[in-house]
Amino acid sequence: MKHAHQNQCLDRTERNCSEDTAKKLSTIFLKYRKDKDDLLSILQDIQDEFGYLSEEAIHLLSKEIRISENEIYGVATFYAIFRFEKPAEHRITVCMGTACYVNGADKILDEAEQKLGIKTGQTTEDGKISIGHVFCNGCCGHAPVVVVDNEVSGGWTPTKLDKTIDKLKEGSP
Amino acid sequence: MNEAAWSGAKETWKALKDSERPVIYLGVASCGRAAGALAVKGAIQSQLKSRSIDARIVDVGCIGPCFMEPLVYIQLPGGPPVVYANVTVAEASRLVDEVIDGGAHITERAIGVLADAPMWGLPRFFDHPMLAPQVRLVLRNCGLIDPTSIEHYLAMDGYLGLKNALAKTPEQVIEEVAASGLRGRGGAGFSTGMKWKLCRDAPGDVKYLICNADEGNPGTFVNRTLLEGDPHAVLEGMVIAAYAIGASLGFIYIRHEYPLVREYIHKATLDMRRIGLLGDNIMDSGFDFDIQIRTGALAFVCGEETALMASVMGHRGMPKPRPPFPATSGLWGKPTNINNTETMGTVPLVLRMGGASYAKYGIKGSSGTKTFSLGGKVRNTGCIEVPMGTPLRNIVFDIGGGVAKGKSFKAVQTGGPSGGCVPSSLIDTGVDYEKLTNLGAIMGSGGLIVMDEDTCMVDMARYFLSFTQDESCGKCVPCRIGTKRMLEILERITQGEGDVDDILRLEGLCETINKGSLCGLGQTAPNPILTTLRYFRNEYDAHIIEKRCPARTCKALMRFEILAEKCTGCDDCRGICAPGAISGEPGIPHAIDQSKCTKCGVCQDVCPPKNSAVARMDNVDREADQ
């Protein structure tokens, strides 16, 4: 049975894994020893490259460093940073650190949820905008802080976020 | 690496200070960037280009006063740098035109000079009320040098501490650090000298060193400020520590949210290898050591040393019972020494000035200085450094400038989710490890969040529990299930559904979780509840018995109302109300439909201060004091 399952996985990989993905992955693998101790760093590199950890990437990694996919998922799901689905085009992350919270970050997050009709951690149906929160970006002097895509900025209000969401929606599809 | 490296670096530094071209220093640490420093930099660059002006731009970290960012200091030939605060993109071209091209400072716009004495009617920048009371030892270079330049660090006598250390035996280095009285700046306050000795004395040929730069406490950014302002200080400390304990490999575990720190540390280690400060035979001493960078992946528990080690080894970051302690069995079962970033950053100073001289700062038992990140409802936000023993009052009211927006001070929260809230009645307490612990708060890694009358202390406890519950790794039952139950109780209370037995349930859970949890995360998780119960019991009672939130913050127990006698019908609030809960015609007092109101508070924010017509009310119709 085990053997059959492995074959199935290989088939799937051959079917799904584009040449480009395989090439990018092998470049990442080359940086490391084939060692369990490098697992976290390799996963971080894969996410940096692809934006998330796809099933096929984890499958190829499993074959490469000879660790079961279960074990890889065990490590990956422990850390909040890892995503397992393609990220939204735009990501709004509201900082919920203490300084931001006492300065009204929860109201900003509420605004995002109401405006987009989704909850924290979810993505709009069209895959365009996701909202999330993080516990502190370390820019507490400018609280409340919001990260739009990768840009951290301070002094946010619900109104400012409302306008930003409108702009993101209008942006190119 | 020889004497010429320092003399060459000092010449480079002097050439910068004596530059015949104007020099523009830009504070581009993460906090500066969050305030728009990169946009200001871009505007300055394009204006310089369009006017064909030859000027030099030097990126620096943050001096500390984040509320003044973006900070730009301009040095005209022959003069000291002049500091301009809160520079906007629109102003950038004016600075280029009038100051750099015009050759004269705009003294009414500048806030100080970086010089030994006042000049042109401008005060010394370091005489600013936020900066004057500080004693900057570990942060001494932050915001003044280019963090990506090893030459700048060498010009500030960088790596002289390492040179002194390598001239001593490892045992003598440990004695020097022990004599300084330096205690761990990560919060636990364990003697650094003692920690090193334990690892030094542990049997084993291979030993490891870890610098914990996983600054995960929400509301804390002291390590970021140091690493983005003066990364070599921390790395020098690591090399000294490695020499003292006999480690051949070190890891710096950097928080995921700090990409700039990773960039700077990577650059710094390359420079160190280039001039022989890392690798084989460091400074021709025969000592070999190298540093690898590891990145965190958003797991607060990895600040705990055994969990951190698991993460460095690529595993799930779950803590383990101690003993064995890392000093005897750490990374891959080998003796391992773990120090906090600020501790590492302090070590070079101790070796440079001598342990006894360092011990003169601070107070008996808690020597030296401590950095704090000052945030929340305080006027002057930023990263500060004060001698141990400095009263909280001086920090909040002198350095911090008091509570923002004219509100009244309620409490200051120290130590993040593991710490507690110190009420105004105890504000004269000095900051040292023991005094803060006695109050039920802790020193922690340096977060100080100021809270005003609008902060509900029950809600703060709920907030911190939501954090610890989210971050609990789930390994031990008291923490995994206990924090969940405590959070549920606090949620009930803040929603007005608490009952009188909830306090007893909370107290019982606090004791069980404190005593029964495996690691520091669980053991300290009850602290925010215990201190708020101790100092703000009246707020719990008000929520439970009167179903009232005295701060009018808990949404279920408050509402917004427009006071008809104050409302002029300016209509500012009606258009901006997202759920459309406000009705009324221009010129006629408006009203809020409570069934539609989401209590976002935007109407109160936009109501002109001269009207102040939007009031927060509790459920017995008492208006919040404005």
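Every number here is computed from the coordinates shown, using simple stated rules; none is lab data. The model shown is predicted, which means the values in this text are computed figures rather than measured ones. Reconstructed Cβ throughout: ideal geometry from the backbone, glycine too, with neighbour counts over all protein chains shown.
Numerical summary
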{"item": "Unit charges on C-beta of K, R, D, E only; dipole of region B:215-326, Debye", "result": "420"}
{"item": "Kirkwood hydrodynamic radius of the protein assembly as shown, Cα pairs, Å", "result": "28.0"}
{"item": "Peptide-level mean, for B:399-411, of C-beta atoms on other protein chains within 10 Å", "result": "0"}
{"item": "Expected-Rg normalisation [2.2 N^0.38 Å, Cα atoms] applied to region A:37-91", "result": "1.07"}
{"item": "Sorted peptide list for B:333-340, A:49-56, A:35-42, A:95-102, criterion being average Cβ within 10 angstrom, highest first", "result": "A:95-102, B:333-340, A:35-42, A:49-56"}
{"item": "Segment residue B:292-residue B:570, length gained on full extension (0.36 nm per residue, minus Cα span)", "result": "94.0 nm"}
{"item": "Inter-label distance, nm, simple model (7 Å from Cα along the C-beta direction), residue B:332/residue A:160", "result": "4.8"}
{"item": "Value at 222 nm in deg cm²/dmol, rounded to 500, when DSSP H runs of n ≥ 4 in chain B each add -39,500 (n - 2.57)", "result": "-10500 deg cm²/dmol"}
{"item": "Shielding score for A:35-43, defined as the mean number of other chain Cβ atoms within 10 Å", "result": "4"}
{"item": "Partner chain coverage, peptide A:92-98 - average Cβ within 10 angstrom", "result": "5"}
{"item": "Ranked packing of B:151-162, B:444-455, A:73-84, most packed first, by mean Cβ within 10 Å", "result": "B:444-455, B:151-162, A:73-84"}
{"item": "Calculated FRET value between residue B:538 and residue B:190, using beta carbons and R₀ = 30 Å, to 0.05", "result": "0.25"}
{"item": "Equivalent ellipsoid semi-axes - Cα gyration tensor, region B:12-127, angstrom", "result": "18, 18, 14"}
{"item": "When the convex hull of its Cα atoms is projected in every direction, mean area for region B:159-358 (nm²)", "result": "10.0"}
{"item": "Distance cut-off 26 Å, percentage of C-alpha pairs in chain A lying past it", "result": "43"}
{"item": "Computed label-point distance, nm, for sites residue B:46 and residue A:84 using a 7 Å Cα→Cβ extension", "result": "4.5"}
{"item": "Cross-link reach list, lysines versus residue B:320, counting only Cα pairs under 22 Å and skipping chain neighbours closer than eight places", "result": "A:36, B:195, B:207, B:334, B:475, B:484, B:515"}
{"item": "Fully extended contour minus Cα-Cα distance, from residue B:15 to residue B:285, at 0.36 nm per residue", "result": "94.1 nm"}
{"item": "Dimensions (Å) - region B:445-486, Cα atoms, principal axes, largest first", "result": "37, 24, 12"}
{"item": "Net +/- balance of residues flanking residue B:62 in space, Cβ distance below 14 Å, scoring K and R +1, D and E -1", "result": "-2"}
{"item": "Rh by Kirkwood over Cα pairs, then Stokes-Einstein D for chain B at 0.890 mPa s and 25 °C, µm²/s", "result": "93"}
{"item": "In region B:519-604, GluC sites (Glu not before Pro) in a DSSP loop with at most 15 other beta-carbon atoms within 10 Å", "result": "B:565"}
{"item": "Sites residue B:54 and residue B:119, calculated FRET efficiency, Cβ-Cβ separation with R0 22 Å, nearest 0.05", "result": "0.35"}
{"item": "Modelled FRET efficiency - R0 60 Å, residue B:512 with residue B:107, Cβ distances, 0.05 increments", "result": "0.45"}
{"item": "Pair residue B:7, residue B:620: separation of 7 Å Cα→Cβ label points (nm)", "result": "7.9"}
{"item": "Choice from A:45, A:20, A:106 showing the highest fluctuation, given a GNM over chain A with Cα pairs closer than 10 Å", "result": "A:20"}
{"item": "Rounded to whole Hz, the Karplus (6.51, -1.76, 1.60) HN-Hα couplings of region B:571-581, x for glycine and proline", "result": "6, 4, 7, 5, x, 8, 5, 4, x, x, 8"}
{"item": "Equivalent ellipsoid, region B:328-418 (semi-axes from 5 times Cα gyration tensor eigenvalues, Å)", "result": "32, 19, 11"}
{"item": "Stretchable slack from residue B:363 to residue B:425, in nm (0.36 nm times residue separation minus alpha-carbon distance)", "result": "20.1 nm"}
{"item": "Rg(Cα) / (2.2 N^0.38 Å) computed for region B:366-452, rounded to two decimals", "result": "0.95"}
{"item": "Region B:119-242 - Kirkwood radius from inverse mean 1/r over Cα pairs (Å)", "result": "16.8"}
{"item": "Dipole of the protein assembly as shown, positive end: most advanced residue of B:427, B:601, B:87 [Cβ charges, Cα centre]", "result": "B:427"}
{"item": "From phi via Karplus (6.51, -1.76, 1.60), per-residue ³J(HN,Hα) for region B:543-549 in Hz, x at Gly/Pro", "result": "5, 7, 8, 8, 6, 9, 9"}
{"item": "Convex hull (Cα only) mean projected area of region A:90-170, reported in nm² to one decimal", "result": "4.5"}
{"item": "Alpha-carbon Rg with Dmax, taken over region B:404-502, Å", "result": "14.9, 46"}
{"item": "Computed Rg/Rh of region B:113-187, alpha carbon atoms with Kirkwood Rh", "result": "1.09"}
